[in-house]
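Everything below concerns the one structure shown next.
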Amino acid sequence: MKIDTQENQATLLDLVLVLAENIKLLVFGPLAIGVIALLAGFALPQSFTSQAILFSPPSQAFPALASPLSQAASMMTSPLVLDPVIHSLSGAGGISIENARAKLASQIKVAFGKDTLLRLDVTAGQPEEAQKIANLIIDAYLKSTAPGELDRADLEKKLVYAKRSLDAISKSLERITANGTSILNKPITLGEAGTSVIALGELQARYLGEVLSIPRAIQGLSRDVVIQPPTLPTEAVAPKKSLIAILSVLASGFSLLMWIFVRKAWVNTQNDPVVALKQARVRAALGFKSASK
C-alpha cells in the first residue's frame with residue numbers, strides 16, 4: 001500500500017512538474033489566440049434581426065381560411081411568398097431561383113405559439129434591409145391569403161344571396177312589428193310558413209354575420225393582424241465576438257494541454273528500445289529525419 005501511495009504521489013508530482021514547466025505556454029498561448037479570435041470577430045460580417053408579431057383572427061371572420069395563421073410558418077418560406085419578395089428585391093441576383101429561395105428562407109424564422117401569436121424574425125446584413133425584407137414577407141403572405149378565382153366567385157355568390165336573404169328577413173320583421181302582432185316572450189308565426197319571430201331573428205343575425213365577414217374573406221387578411229410591425233434593429237446578433245473569444249481560449253488551452261502531455265509521454269518512452277524503434281519507424285513514415293543515426 002505504501003509503495004502504491006508513493007507511486008501515485010510520484011505520478012501526481014510528474015503532472016504538476018509538466019504543468020509548471022509549460023505554465024507560460026498554457027497561460028499566454030490561449031490568451032493570444034483569444035485576442036486574435038476577438039479581433040477576427042470584428043472583421044466578420046455582422047447580422048441584424050428584425051422582429052414582428054402577428055395575431056390570428058377568429059376563423060369565423062374568414063370562412064375561406066380554415067386557420068389564418070396556423071400554417072404561416074410553412075407558408076412564409078414557400079415559393080408563394082418567397083418569389084414575390086425576391087422579385088421586389090431586384091431579382092435573384094444572378095443565381096438560380098431555387099438558390100435564391102434557399103438563401104432567403106435561411107434568413108427567415110417563423111414560430112406559431114399556443115397563444116395564437118405568430119413571431120417573425122428576419123436576419124440580414126443591415127438593419128434597414130432586415131426590416132424591409134420582413135415587411136415584404138408580411139405583405140406577400142397577407143396577399144397570399146386572398147382566395148383564388150373560383151373561391152372568390154363562390155364567395156361573391158354567397159354574399160349576394162346573404163344580402164337578399166337579410167333584406168327579406170328584415171322587411172318581414174318590420175312588417176310583423178308594424179302590425180303589432182308580436183307578443184313579448186312568445187313566438188309568433190308568420191302567415192302559413194309557420195316561421196317564428198325568434199327563428200327570423202336568428203336567421204337575421206346569421207345573414208348579417210355573413211354580409212360582414214364575406215367581404216373580408218374575399219380580400220384576405222389585412223395589416224390589422226400585425227400587432228408589432230417589423231422592428232429596426234440597433235444591435236447585431238452575430239457574430240458573438242465575446243463568445244468566439246472565450247471558446248477559442250478554452251479550445252486552444254485544452255489542445256495545448258493535450259499536446260504537452262502527448263509530447264512528454266513520447267519523450268519518456270524513448271528509453272525503451274522497443275518503443276524507440278517504433279517511434280523511429282513512425283517518424284520515417286511521416287517523412288521526418290531521425291535525430292540520431
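Values computed for the structure shown
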{"read-out": "Extended-chain gain in nm, criterion 0.36 nm per residue less alpha-carbon gap, VAL27 and ILE97", "value": "20.1 nm"}
{"read-out": "Exposure proxy order (Cβ contacts within 10 Å, fewest to most) of VAL225, VAL27", "value": "VAL27, VAL225"}
{"read-out": "Simple label model, 7 Å out from Cα along Cβ direction - LEU19 to ALA280, nm", "value": "3.7 nm"}
{"read-out": "Peptides 129-141, 71-83 ordered by average Cβ neighbours within 10 Å, highest first", "value": "129-141, 71-83"}
{"read-out": "Pair MET258, GLU149: separation of 7 Å Cα→Cβ label points (nm)", "value": "6.5 nm"}
{"read-out": "Estimated inter-spin distance, GLU156 and LEU38, nm [label 7 Å along Cα→Cβ]", "value": "6.7 nm"}
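Here, each number is a calculation from the coordinates, and none is a lab measurement. Everything numeric in this text was worked out from a predicted model, so none of it was measured. Cβ sites come from the backbone with ideal geometry, for glycine too, and all protein chains shown count toward neighbours.
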